[in-house]
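Participant: This structure is in structure tokens; I'll ask about it shortly.
Readers should treat all values here as calculations from the given coordinates under stated rules, not as data from a laboratory. Keep in mind the model is a prediction, meaning the values are calculated, not measured. Methodologically, a virtual Cβ is constructed for each residue, glycine included, from the backbone with ideal geometry; neighbour enumeration extends over all protein chains shown.
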Amino acid sequence: MDLDIRRAVLHNLSGNNKQQLQDTVVDAIQNGQEKMLPGLGVLFEVIWNKSDNAFRDQLLTRLEQGV
């Protein structure tokens, strides 16, 4: 089931430009619906997998400060 969610989210966002991706993220956060959380998790996973260790460290620092 996890792979189906990942594939669906990636398929739905495939070909989106930066503005469209930003709109998706902002809408998901502002909407605050629980059903949007898996999609945001998939996007976080993409960011994590495409990041170097320095950027990952920055992300972790910001997460630590935020929670």
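Participant: Determine which residues of the range 30-50 fall in the zone a paramagnetic label at L59 would reach in this model, i.e. backbone nitrogen under 14 Å from the point 7 Å along Cα→Cβ.
Facilitator: Residues 40-50 fall inside that zone.
Participant: Quick one: plug the Kirkwood hydrodynamic radius of the chain (C-alpha pairs) into Stokes-Einstein at 4 °C, 1.567 mPa s, and report D in µm²/s.
Facilitator: Details: Rh = 13.1 Å.
Approximately 99 µm²/s, per Stokes-Einstein.
Participant: Still on this model: Per residue of the chain, what 222 nm ellipticity follows from adding -39500 (n - 2.57) for every DSSP H run with n ≥ 4, rounded to the nearest 500? Before the final figure, lay out the partial values.
Facilitator: Numbers: 4 runs with 53 residues, N = 67.
Counting only the DSSP helices, I get -25000 deg cm²/dmol.
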